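Student: Pasting a structure here, questions to come.
The values are calculated or read from the model by the stated rules, or taken from the named source; none is laboratory data. Everything numeric in this text was worked out from a predicted model, so none of it was measured. Backbone-built Cβ (ideal geometry, glycine too); neighbour counts: all protein chains shown.
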Amino acid sequence: MAKSIIPLSEMQIKNAKRKEKDYKLYDGDGLYIIIWSKKERNKRWGFDYRFQGTRKTISFGTYPEITLAQARKLRQESKEKIFKSIDPSQERKDNKKELAHCTTLQNISEEWFNIKAGKLAQTTIQKKKSFLVNHVYISIGQKDIKTISRLEVIAILKEIQNKGAFEVADRVLNMLNNIWRYAVTMQIVEHNIIADIEKSMVIQAQERRHFPTITDSQEVGALLRAIDGYKGDINTKLALMISPYIFLRSSNIRSLEWKEIDFEKREIRIPAAKMKMKAPHIVPLTDRTIEILKHAYSINAHCSLYVFPSSISNIKIMSENTLNYALRRLGYSKEEIVYHGFRAMASTILHEQISEHGIHSDAIERQLAHAERSGVKAAYNHAEYLKERKILMQWWSDYLDQLKLSI
């Protein structure tokens, strides 16, 4: 005789406590709720059934989002499908596949990002995605791209600007233009509606953002002396010490590996995959920068792949905010200088001092690893102006050393 099951009650489900092991409460006719032992997992509905002789299970969601009454309704609907020779579990999988191929803006955007993944650094991809997630998807992400109007896009841009994020609005507009161009190419839409938006009419002109930095010679010298006196973690100190001299992006300093340093050739070679613009980059080294790297080598080379590993674990890279926090510990506010300011410092002074060091602007921009007009050019020109860049980096190293000694 089959075991009789007493139907559940809302109170019984609500009061069900976690135990050392997962367990189930049964409502009958295949419906049950799982009470997980782990506190981070919510109670979940399940439905066991047989279809064409095979035992199967389908989830109805979590409690209390799905109530007892709703779960029973879903059970009844599933039983009716089974009676009609429709497998509820397979139907759900088929629906998901169909949804994956639909032409919502979010789906088309993801296709575009997948194409860009091989051309941009992963951190850049994630940053671009965050703009759409935070400002676009919430209102039109699930709409069919063919039904979205220019006015809807303009409304989003205005909302972003109302928050004071004018640069973000400009970036979002540029991204949407690229996504619609992709959609036109793939014959998903017939026309790029974003191209019809006159940017000057919908995006307020703003002054170009500049990263806080220090360019006064006496203040630069004071900053270098302060870094030499840093009392925190030694890897953080060494990373700060070398940063003004080689002015790499934070991600490149923090993820720098010993295999990328050639002491004999006196240079750092960073592979394209690590660079923002997906082009390899060479940094000529000087006596001063080699001295700092050899100090780091004596500490870390035997135990870490990274030149400046995390203070928590030598198998991890330094965290994203570590270097900025270090500058705050030295007494510099974010209005005075941020880590990226070392690049701004070098760019400003090197361009201003061309008459002193004699190296032209193109070589300076190459050493800063700024964007190339052509992706093909970027891939092959990492060694462009290398002779001039070696002279430039030696002059810059001597210049900083001189400022540090000038009190």
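Student: Would you check if there is a residue in segment 110-125 being of a type in the set (A, V, I, L, M, F, W, C) and farther than 30 Å from Lys274 by Cα?
Tutor: Residues of segment 110-125 of a type in the set (A, V, I, L, M, F, W, C): 112-113, 115, 117, 120-121, 125.
If we keep only those that are farther than 30 Å from Lys274 by Cα as well, we get none.
No, segment 110-125 has no match at all.
Student: Among residues belonging to segment 35-62 that are among the hydrophobic types (A, V, I, L, M, F, W, C) and surrounded by 18 or more Cβ atoms within 10 Å (Cβ to Cβ), point out the one that is nearest to Pro88 (Cα to Cα).
Tutor: Checking each candidate, the answer is Ile58.
Student: Quick test of your reading of the structure: Ala296 fulfils all but one of (1) small (Gly, Ala, Ser); (2) under 22 Å from Leu392 (Cα atoms); (3) more than 20 Å from the chain's Cα centre (by Cα); (4) surrounded by 15 or more Cβ atoms within 10 Å (Cβ to Cβ). Name the failing condition by number.
Tutor: Evaluating Ala296 over (1) small (Gly, Ala, Ser); (2) under 22 Å from Leu392 (Cα atoms); (3) more than 20 Å from the chain's Cα centre (by Cα); (4) surrounded by 15 or more Cβ atoms within 10 Å (Cβ to Cβ) leaves (2) as the failure.
Student: At least 1 residues that are outside the structural domain of Leu132 (by TED's automatic domain parsing) and closer than 30 Å to Leu173 by Cα in each: list the helices (runs of 4 or more DSSP H) lying fully within segment 1-112 that qualify. Before you say what the answer is, go through the steps one by one.
Tutor: Values: elements: 10-15, 68-83, 88-100.
The qualifying helices (runs of 4 or more DSSP H) are 88-100.
Student: Among the numbered conditions (1) under 30 Å from Ile145 (Cβ atoms); (2) in a helix (DSSP H, G or I), tell me where Glu219 comes up short.
Tutor: So Glu219 meets the others, but not (1).
Student: Same structure, new question: Report yes if Ile290 is free of Cβ contacts under 8 Å to residues at least 40 places away in the same chain and either in contact with a Leu (Cβ under 6 Å, 6 or more places away or on another chain) or outside any loop (DSSP other than H, G, I, E, B) (or both), otherwise no.
Tutor: Working: free of Cβ contacts under 8 Å to residues at least 40 places away in the same chain: yes; either in contact with a Leu (Cβ under 6 Å, 6 or more places away or on another chain) or outside any loop (DSSP other than H, G, I, E, B) (or both): yes.
Criteria met by Ile290.
Student: Can you tell me which residue within segment 302-326, out of those that are in a loop (DSSP other than H, G, I, E, B) and farther than 12 Å from Asn235 by Cβ, is modelled with the lowest pLDDT?
Tutor: That would be Glu320.
Student: Taking segment 293-302 as the search range and keeping residues that are hydrophobic (A, V, I, L, M, F, W, C) and touching a residue at least 60 places away in the same chain (Cβ under 8 Å), which one is nearest to Glu384 (Cα to Cα)?
Tutor: Ala296
Student: Among what's in segment 263-287 and is without any contact (Cβ under 8 Å) to a residue 12 or more places away in the chain and farther than 20 Å from Trp396 by Cβ, pick the residue that is surrounded by the most Cβ atoms within 10 Å (Cβ to Cβ).
Tutor: Step by step, filter segment 263-287, then rank; the result is Pro271.
Student: Another question, then. Among the residues that make up segment 265-284, is at least one of them modelled with pLDDT of 95 or more, within 29 Å of Gln126 (Cβ to Cβ) and touching a Leu at 6+ places or on another chain (Cβ under 6 Å)?
Tutor: For segment 265-284, residues modelled with pLDDT of 95 or more, within 29 Å of Gln126 (Cβ to Cβ) and touching a Leu at 6+ places or on another chain (Cβ under 6 Å): absent.
Student: Determine, yes or no, whether Gln187 is part of a loop (DSSP other than H, G, I, E, B) and more than 30 Å from Val338 (Cβ to Cβ).
Tutor: Judged against the criteria, Gln187 is a match.
Student: Same structure, new question: Just name the residue that is surrounded by the most Cβ atoms within 10 Å (Cβ to Cβ) out of those in segment 148-171 that are under 16 Å from Ala195 (Cα atoms) and not aliphatic (A, V, I, L, M).
Tutor: Only one residue tops the list, namely Asp170.
Student: Another question, if that's okay. Return the residue satisfying two criteria in turn: it lies in segment 124-152 and is part of a loop (DSSP other than H, G, I, E, B) and of a type in the set (A, V, I, L, M, F, W, C), and of such residues it is nearest to the chain's Cα centre (by Cα).
Tutor: Residues of segment 124-152 that are part of a loop (DSSP other than H, G, I, E, B), as a first pass: 136, 142-143, 148-149.
Still in the list and also of a type in the set (A, V, I, L, M, F, W, C): 136, 148.
Working: Val136: 17, Ile148: 27 Å.
Selected residue: Val136.
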